[in-house]
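Each remark here refers to the structure printed beneath this line.
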Amino acid sequence: MKMMKGRFFPILVPVFSVILGLIIGAIIMLVSGYDPIAAYGALVTGVFGDSYNLGETVRTATPLILSGLAVAFAFRTGLFNIGVEGQVLVGWLASVYVGISLDAPMVIHLPLAILAGALAGAIWGVIPGLLKAKFKVHEVITTIMMNYIALYGTNGIIRAYLLQPGERTKDIKSSASLGSAFLGELTEGSRMHYGLIVAIIVAVIMWFILWKTTTGYELRAVGFNQHASQYAGINVSKNIILAMAISGAFAGVAGTMEGLGTFQYMSINNAFTGVGFDGIAVSLLGANGSIGIIVAAFLFGGLKQGALEMSSAAGVPTELVGIIIALIIFFVACSYLVHWLTNRFTKGGKL
Amino acid sequence: MEYVIEMRNIRKEFPGIVANDNVTLQVQKGEIHALLGENGAGKSTLMNVLFGLYQPEQGEIYIKGEKVDITDPNIANNLGIGMVHQHFMLVENFTVTENIILGREITTGGRIDLKKAAKEIQKLSDQYGLRVDPYAKIENISVGMQQRVEILKTLYRGAEILIFDEPTAVLTPQEIHELMEILKKLVAEGKSIILITHKLKEIMEACDRCTVIRRGRGIGTVDVASSSPRHLAEMMVGREVNFKVEKQPAQPKGAVLEITNLVVEDSRKVPVVNELNLQVKSGEILGIAGVDGNGQTELLEAITGLHKVKSGTVTLNGENITNQKPRKVTQSGLGHIPQDRHKHGLVLDFSIGTNMVLQTYYQQPFSKHKILKFQTIHNKAKALIDEFDVRTPSIHTPARALSGGNQQKAIIAREVDRSPDFLIAAQPTRGLDVGAIEFIHSKLIQERDKGKAVLLVSFELDEIMHVSDRIAVIYEGKIVAIVDPKETTEQELGLLMAGGKKDKAGDKV
């Protein structure tokens, strides 16, 4: 067990956290008079029950992968990008705008629309990056504020320039759409789209930049120790801005998943989408690694999707899934506690 | 004979290593007892056992002849054991009094009686000659005074036995001298002291007896009066140690680094380097002696491109590098062993192998088209680690996990390997043990003999005297004298460092 602990500990924490979260979720259900076995049964059916549910799970998970990657990329370089939510929104709007206003064959139109989203997200990320690099303004504060600017700014632009009946924009042209009749048919009409491929490509890009290139070396060095990086001749300011740009670009692409994939338009949002904030949780649960984030995003996507079935089949309110997700994150954050518990278990079970 | 502290046959294991193996420590009342050992020998582990932070696997502890079981620091406190840590445990924006009473507040009717506490602290301070102002804020007082606050903290809590963990590591020579006086005063007043150190000079100066630990094992206890630094060093490292730095006379040639009328301002626009002139020649080690805070840090940062130069020029190999970016300066032929190896020298969370290319990762053969070549990097790291005897389990071990000496060897390996014409060594042996110091000095001299120019900045006068070929004394941002180490004395240097004989300034060299 000792041998295993060293190598598997990073995986052990999330797994334990998920199990603990589910157990405590069950206790809460029992206390509030629901049947946890029926509820979890419905949850599983809600994810794996039929191909429609599976397709919707993939659809829910896709933007979460990207927002998780965005948070993780910033985190790896020593920055807390709480502004993923705002970057998602501007990315969404930019991609929809290009999707509506341009006329081009798909090979040009679709990549262009995705790039527009990435660029918008990058710009939204660069602003806090610049402020941090030049004036040492803490990025947590600025990114939170940028979220509000993004929410009301995108709403304002839609209202002023793009408004259609139904508080939304026009649909994008099919040449910019990630949607697929084939995938829809395969999954009994779910809104699953080709975005998953984009998300996985971005996950590979992140891994490649961080671990294989000199740029990643610089970014990580600056993240760990700005002083030593400066002494080694690395341009610290440039790297902070670059990190925020790349992180923002990833978040912007997450927004395009909604704009070009799920919805094919953008509506006026009364509140944040949650994609960005869930990205923080996904990144945390996925230990800031590409593969971990994909797994974590699917777990969250599954929980969110299954929650619908849980409420309709077992009568358990969807909010309970929110509680379970919160519990899981809570336990990951308390990894010290989990560490301690596993230590106690491995030392012969004396608790 | 009854000992005030007796630790018998202590054994403490950690997964994979035995940190203490059969160590016995016997401290008499009213003595200063040194605990000597190299970095990682197990001194701190032993003291943490005594302080209740670790539980030993074997062995017994007796305090004043009574067997005790110290399971947490509160018990140690109640037994009259106090510890002055190397890194101070003080709240920066609290006053001295507030810090000292923290956790032991005197209250009247629920309110803290600061006045009464301050009076008591003043009394203690006077009694032991600590000269501490109870109302000063920690952030406004010197490091030396902060340490005295730590001492007061233990005294205030009624400590009879004081443990000092490498207390001189952070102090200037003057402050060290004062501390030694304080230690003597403390024992004169009936306290007993354990001094954890690897500095032989301090042991010879202040201690009565000395217990030596080597690789976790107790080697023995000797009377300092009947011992010698050579003998103690041998006990500590387990072999003969060469104290005298072996070197041939320098063969200096043309100037590699030339500084003319350099002015550097700090953030408040005060010139901290003021019209400074200096040359470092090929084939010599130029030592800069000075009290901390006379512009040494800013001078080095100005040369390396980390601090803006107000006026004046710095040329390296004839190339003007004034206000150039650090990378440009490095490429012009500069190697830099920074003063603070954790903050400036290494990315501690990177593996030691990755740290080896911190200056060169972007160049061939370590990367091509911006893609890192890990095979080449690892081979390079392995070669350097072998050549410079960096002791690490593997090249993938985080730099953080290495001992200070090995971290420093790694930095020197990295800097020297690029074969720079000009090498800055700032406090290169700070906090290191005799063996590592010997190694580092020999490497610096080796570079000199290859015809490189070496600039050595150190607060240790011994080091400056023994290693340098010329000594430049810095005072208030100016070089006030250049002396020959063979002809000067510590007294003369001390005087110059304090600003004496300023009129004779050997400014133009």
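The values are calculated or read from the model by the stated rules, or taken from the named source; none is laboratory data. Everything quoted here is computed from the prediction, not taken from an experiment. Counting neighbours? That spans all protein chains shown, and the Cβs are built from the backbone with ideal geometry, glycine included.
The figures follow:
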{"read-out": "A:Ile11 vs. criteria closer than 30 Å to A:Thr215 by Cβ, β-branched (Val, Ile, Thr), away from every other protein chain (no Cβ under 14 Å) and assigned to a loop (DSSP other than H, G, I, E, B)", "value": "no"}
{"read-out": "Neighbours by Cβ (under 8 Å, 6+ apart or cross-chain): first from segment B:450-461, assigned by TED's automatic domain parsing to the domain that holds B:Thr315; second β-branched (Val, Ile, Thr) and in a loop (DSSP other than H, G, I, E, B)", "value": "B:Ser458/B:Thr429; B:Phe459/B:Thr172; B:Phe459/B:Val291; B:Glu460/B:Thr429"}
{"read-out": "Check on B:Val149, crowded, with 17+ Cβ neighbours inside 10 Å and assigned by TED's automatic domain parsing to the domain that holds B:Gly190", "value": "yes"}
{"read-out": "Number of positions in segment A:135-145 that are on the phi < 0 side of the Ramachandran plot and outside any helix (DSSP H, G or I)", "value": "2"}
{"read-out": "Pair list, Cβ under 8 Å, 6 or more apart: segment A:276-291 residue modelled with pLDDT of 90 or more, other residue outside any helix (DSSP H, G or I)", "value": "A:Gly276/A:Gly83; A:Ile280/A:Ile82"}
{"read-out": "From the options A:Ala39, A:Ala94, residue that is assigned to a helix (DSSP H, G or I), at pLDDT below 95 and among the aliphatic types (A, V, I, L, M)", "value": "A:Ala39"}
{"read-out": "Check on B:Thr154, at pLDDT below 90 and either under 15 Å from B:Val84 (Cβ atoms) or among the hydroxyl-bearing types (Ser, Thr, Tyr) (or both)", "value": "no"}
{"read-out": "Top-ranked residue in segment A:202-235 [being within 23 Å of the chain's Cα centre (by Cα) and small (Gly, Ala, Ser); ranked as farthest from the other protein chains (Cβ to nearest Cβ)]", "value": "A:Ala203"}
{"read-out": "Meets criteria (more than 14 Å from B:Ala453 (Cβ to Cβ) and within 13 Å of chain A (Cβ to nearest Cβ)) for B:His336", "value": "no"}
{"read-out": "Test: residue in segment B:29-51 that is in contact with a Pro (Cβ under 8 Å, 6 or more places away or on another chain) and assigned by TED's automatic domain parsing to the domain that holds B:Gln174", "value": "yes"}
{"read-out": "Among the residues listed as B:Val272, B:Val264, B:Val291, B:Val222, the single one being over 26 Å from B:Phe439 (Cα atoms), of a type in the set (A, V, I, L, M, F, W, C) and within 25 Å of the chain's Cα centre (by Cα)", "value": "B:Val272"}
{"read-out": "Any chance B:Asp389 is under 22 Å from the mean Cα position of the chain (by Cα), of a type outside the set (A, V, I, L, M) and loosely packed, with under 14 Cβ neighbours inside 10 Å", "value": "yes"}
{"read-out": "Selection status of B:Glu38, at pLDDT below 90 and touching a His at 6+ places or on another chain (Cβ under 9 Å)", "value": "yes"}
{"read-out": "Selection within segment B:372-389 - charged (D, E, K, R) and more than 12 Å from chain A (Cβ to nearest Cβ)", "value": "B:Lys380, B:Lys382, B:Asp386, B:Glu387, B:Asp389"}
{"read-out": "From A:Val204, A:Val198, residue being within 26 Å of A:Ala74 (Cβ to Cβ), out of contact with any helix residue (DSSP H, G or I) (no Cβ under 6 Å at 6 or more places or on another chain), touching a residue at least 12 places away in the same chain (Cβ under 8 Å) and crowded, with 20+ Cβ neighbours inside 10 Å", "value": "A:Val198"}
{"read-out": "Top-ranked residue of segment B:124-181 - restricted to ones that are polar (S, T, N, Q) and in contact (Cβ under 8 Å) with a residue 40 or more places away in the chain, ranked as nearest to B:Ile100 (Cα to Cα)", "value": "B:Thr154"}
{"read-out": "All strands (runs of 3 or more DSSP E) inside segment B:7-111 with 2 or more residues being buried (at least 16 other Cβ atoms within 10 Å of the Cβ)", "value": "B:17-27, B:32-36, B:58-63, B:81-84"}
{"read-out": "A:Gly25 vs. criteria crowded, with 19+ Cβ neighbours inside 10 Å and not aliphatic (A, V, I, L, M)", "value": "yes"}
{"read-out": "Residue match in segment A:188-195 (condition: touching a helix residue (DSSP H, G or I) at 6+ places or on another chain (Cβ under 7 Å), loosely packed, with under 15 Cβ neighbours inside 10 Å, away from chain B (no Cβ under 14 Å) and more than 29 Å from A:Asn81 (Cα to Cα))", "value": "yes"}
{"read-out": "Output for segment B:306-329, where each listed residue is within 14 Å of chain A (Cβ to nearest Cβ) and either surrounded by fewer than 20 Cβ atoms within 10 Å (Cβ to Cβ) or in contact with a strand residue (DSSP E or B) (Cβ under 6 Å, 6 or more places away or on another chain) (or both)", "value": "B:His307, B:Lys308, B:Ile321, B:Gln324, B:Lys325, B:Arg327, B:Lys328"}
{"read-out": "Tally, over segment B:417-444, of residues that are polar (S, T, N, Q) and closer than 16 Å to B:Asp469 by Cα", "value": "1"}
{"read-out": "Meets criteria (more than 14 Å from every other protein chain (Cβ to nearest Cβ), touching a helix residue (DSSP H, G or I) at 6+ places or on another chain (Cβ under 7 Å) and in a helix (DSSP H, G or I)) for B:Gly405", "value": "yes"}
{"read-out": "Near pairs, Cβ below 6 angstrom, 6+ apart or cross-chain, from segment B:380-404 (among the hydroxyl-bearing types (Ser, Thr, Tyr)) to any residue that is in a helix (DSSP H, G or I)", "value": "B:Thr392/B:Ile352; B:Thr397/B:Ile352"}
{"read-out": "Candidate set from segment B:349-371 (those that are under 15 Å from A:Phe224 (Cβ atoms) and within 7 Å of chain A (Cβ to nearest Cβ)); member that is surrounded by the most Cβ atoms within 10 Å (Cβ to Cβ)", "value": "B:Leu358"}
{"read-out": "Subset of segment A:238-253 [within 19 Å of A:Gly83 (Cα to Cα) and within 14 Å of another protein chain (Cβ to nearest Cβ)]", "value": "A:Asn239, A:Leu242"}
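For every residue, the table says whether it meets (1) hydrophobic (A, V, I, L, M, F, W, C); (2) outside any strand (DSSP E or B); (3) within 14 Å of another protein chain (Cβ to nearest Cβ).
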residue: B:Val264; (1), (2), (3): yes, no, no
residue: B:Asn277; (1), (2), (3): no, no, no
residue: B:Ile303; (1), (2), (3): yes, yes, yes
residue: B:Val347; (1), (2), (3): yes, yes, yes
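Yes/no matrix, rows are residues, columns are (1) under 19 Å from the mean Cα position of the chain (by Cα); (2) at pLDDT below 95; (3) within 14 Å of A:Ile240 (Cα to Cα); (4) assigned to a helix (DSSP H, G or I):
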{"site": "A:Gly117", "(1), (2), (3), (4)": "yes, no, no, yes"}
{"site": "A:Gly125", "(1), (2), (3), (4)": "yes, no, yes, yes"}
{"site": "A:Pro128", "(1), (2), (3), (4)": "no, no, yes, yes"}
{"site": "A:Ala133", "(1), (2), (3), (4)": "no, yes, yes, yes"}
{"site": "A:Asn147", "(1), (2), (3), (4)": "yes, no, no, yes"}
{"site": "A:Ala150", "(1), (2), (3), (4)": "yes, no, no, yes"}
{"site": "A:Gly153", "(1), (2), (3), (4)": "no, no, no, yes"}
{"site": "A:Ile158", "(1), (2), (3), (4)": "no, no, no, yes"}
{"site": "A:Gly166", "(1), (2), (3), (4)": "no, yes, no, no"}
